[in-house]
Structures are given as C-alpha cells and as structure tokens.
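Step one of this worksheet: look at the structure below.
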Amino acid sequence: MKIIFMGTPDFAVPSLKVLIESKHEVIGVVTAPDKERGRGRKVSFTPIKKIALENNLPVLQPAKLKDPDFVELLKNFNADLFAIVAFRILPKEIFSIPSKGSFNLHGSLLPKYRGAAPIQWAIINGEKETGVTTFKLEEKVDTGNIYIQEKLKIEDDDDLGSVHDKMSLLGAETVLKTVDMIDSGNFELQKQDDSLASPAPKITKEVCKIDWAKSAEEIHNHVRGLSPFPGAYFFFNDKQIKIYKTKITETENLKPAEIKQTKKELFIGTGKATLEILELQQEGKKRLNTEEFLRGFSFS
C-alpha cells in the first residue's frame, strides 16, 4: 500500500521508521517548514525530515495546508492512505484525498483527553493508565471513529519524558497494525462516545505555575506532567524557579508555600502534606539536583 506520512517531532520518528521498514511503501513525507534556531540563527529541520532524507523520500513542507499547489501536489502522489502522527490539524480537502482515507495517532485512550496535550494532562490528573488511539480523520478534531487502542501503564516514577518515549514506541507498533488492518480491509471501526470526552488543552505558562494551596499529591503530579518540558515553576524573590522532580513526605509539617532548607535538602509546604524538592533550576541556569542547587542559592 502506498502511504504519505505526515509528522514533525521526535515522537513521530519511530512510526515513520516502522513504516519504511514494513512491506508497505512510504512514497512521501509532509512535515513542518525549516526554522532558524539558536544564537547563530542556523537553519534546522524537523526530526521527521531528517529520517525522510536519510531514506531518499520526497519531502513536502507547506507553510499553508490549504495552498492549492500543495493540495494538487498531494493528489498527484496517488497515495492509498495518509498516516498522521503529531502533525497539524488537516482540512477536509487534504484528509479526504487518499482512496482509503487518512488516520491519526493520538496519545490517549480517546475520547479521553482530546486536544493538544493528552500525555501532560493524563499525568497531571494522576491517571494510572493512558494509551494510544488510531482513528479515521473527520472534520471535528480527535472525534473520528477508532481503528485500534493500546493501553500503557503510568508508573509512579514516570514523568512526561518517560511516558512520551514509551508512548512513541507503542504508537509506532499501533500505526503499523493500523496500516496492515486497513490494507487487509478486515476491520470494524468503533464510534467514540462523546459523552465520555475530556479536554487536553494546550499547556500555557499559567498552567505551569504551581499553586501551593493544592495538596502535595496534586503538585507532585503537576510537576511530573510538565517535566522535562516546559517545567512547573514558582517565584522566589522575583526569581523564577522551575521544579522537575519531587517526593511527597509526611516528616515535615509546613504551611502552604513555607520553605525549609538544610545543606542538602529542600522542603516546601502544601495544602496537604509536604513536598521534598529533588531537582530544580533557577531561571537562566542549569537544571541541578537539590544539593548542587543549594550550594549557589539560598531560600532563607
């Protein structure tokens, strides 16, 4: 089966690789335009473009998805299927081009956590389980009928980084299973129950700010869901401090936002119980473990 793959970040790389190595034929790749990054404003391209070039695949990088020339170019590929992993929202005139339609890989067990940040919100909300879903694209975002769902346990010591990486690999397996299923024609789509839907909106700066009135468990999950990026934060003497790793402790009895430090340890009170801070970062400085951090910074 001839496939056009659409994706941009590292998360999508295992899915593209597994399709390239499969019996199916990836005939083209669509990814985000190149960007200038860093101080030298060096032009860099997406992880997906890197894999595509290594495999001599045609790469399309439209600035606007509704550009008539881009739409015409896609039609000329005569692809059977579009496989989408971590890309933009596609308009109907694009996702309806292939004869076998288009499907998307989403990082949750839909209809739970529809939206831009499903992995983050699952961890922030203290879920013990998440997963991946492949679904047929429809006009309303993340609402299409489901091909496959695979579950993934969220361990107590998982954070956004570790769940992201495990989900990326699980997603690749699921993408290949989905393509095989569509190719065989032997499948039954499952309708989503909209009444069970929950939102997973974009992570904003406001979302990342820590509210010390919440319980230690809630803040601990908040930190996990935003680590390693963009990081949960609070302000101390007008300096932004990001926290990446915490542990709930009952040994200290502190009021919300009250700070206690020793030479090697840092504790902050919450609305219920206390958090020991294990890894943190001052604005403009490196991420450090608490002992290293306290050598150059005092909360007293």
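Values for this structure:
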item: Candidates 272, 255 - the one that is more than 26 Å from residue 158 (Cβ to Cβ), surrounded by fewer than 17 Cβ atoms within 10 Å (Cβ to Cβ), outside the structural domain of residue 116 (by TED's automatic domain parsing) and not β-branched (Val, Ile, Thr); result: 255
item: Matching residues in the range 1-37 - criterion: being under 23 Å from residue 164 (Cβ atoms), among the hydrophobic types (A, V, I, L, M, F, W, C), outside any strand (DSSP E or B) and in contact (Cβ under 8 Å) with a residue 60 or more places away in the chain; result: 11, 12, 13, 16, 18, 19
item: Any hit, the range 188-201, residues being within 24 Å of the chain's Cα centre (by Cα), surrounded by fewer than 13 Cβ atoms within 10 Å (Cβ to Cβ) and of a type in the set (A, V, I, L, M, F, W, C); result: yes
item: Out of 105, 152, 176, sole residue that is closer than 18 Å to residue 85 by Cβ, of a type outside the set (S, T, N, Q) and outside any strand (DSSP E or B); result: 176
item: Leading residue by the ranking (surrounded by the most Cβ atoms within 10 Å (Cβ to Cβ)) among those in the range 164-179 that are of a type in the set (A, V, I, L, M) and touching a strand residue (DSSP E or B) at 6+ places or on another chain (Cβ under 7 Å); result: 175
item: Selection from the range 47-70 of residues that are assigned to a helix (DSSP H, G or I) and touching a Leu at 6+ places or on another chain (Cβ under 8 Å); result: 48, 51, 52, 70
item: Residue in the range 280-289 that is buried (at least 19 other Cβ atoms within 10 Å of the Cβ), charged (D, E, K, R) and more than 14 Å from residue 221 (Cα to Cα) present; result: no
item: Residue, farthest from residue 200 (Cα to Cα), within the range 94-132, restricted to residues that are among the aliphatic types (A, V, I, L, M) and out of contact with any Gly (no Cβ under 6 Å at 6 or more places or on another chain); result: 97
item: First in the range 234-257 and in contact (Cβ under 8 Å) with a residue 60 or more places away in the chain, second anywhere and of a type in the set (Phe, Trp, Tyr) and surrounded by 12 or more Cβ atoms within 10 Å (Cβ to Cβ), Cβ under 7 Å, 6 or more apart; result: 236/299
item: So residue 97, is it of a type in the set (Val, Ile, Thr), surrounded by 22 or more Cβ atoms within 10 Å (Cβ to Cβ) and modelled with pLDDT of 95 or more; result: no
item: Strands (runs of 3 or more DSSP E) contained in the range 207-300 and holding at least 1 residues small (Gly, Ala, Ser); result: 232-236, 266-269
item: Residue 215 vs. criteria in contact (Cβ under 8 Å) with a residue 12 or more places away in the chain and crowded, with 19+ Cβ neighbours inside 10 Å; result: no
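Here's the yes/no breakdown for (1) surrounded by 12 or more Cβ atoms within 10 Å (Cβ to Cβ); (2) in contact (Cβ under 8 Å) with a residue 24 or more places away in the chain; (3) among the basic types (Lys, Arg); (4) over 24 Å from residue 17 (Cβ atoms):
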position	(1), (2), (3), (4)
52	yes, yes, no, no
56	no, no, no, no
62	yes, yes, no, no
65	yes, yes, no, yes
72	no, no, no, yes
80	yes, yes, no, no
83	yes, yes, no, no
90	yes, yes, no, no
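The values are calculated or read from the model by the stated rules, or taken from the named source; none is laboratory data. Note that the structure is a prediction, hence the values are computed from the model and not measured. Glycine also receives a Cβ, built like all others from the backbone with ideal geometry; neighbour counts cover every protein chain displayed.
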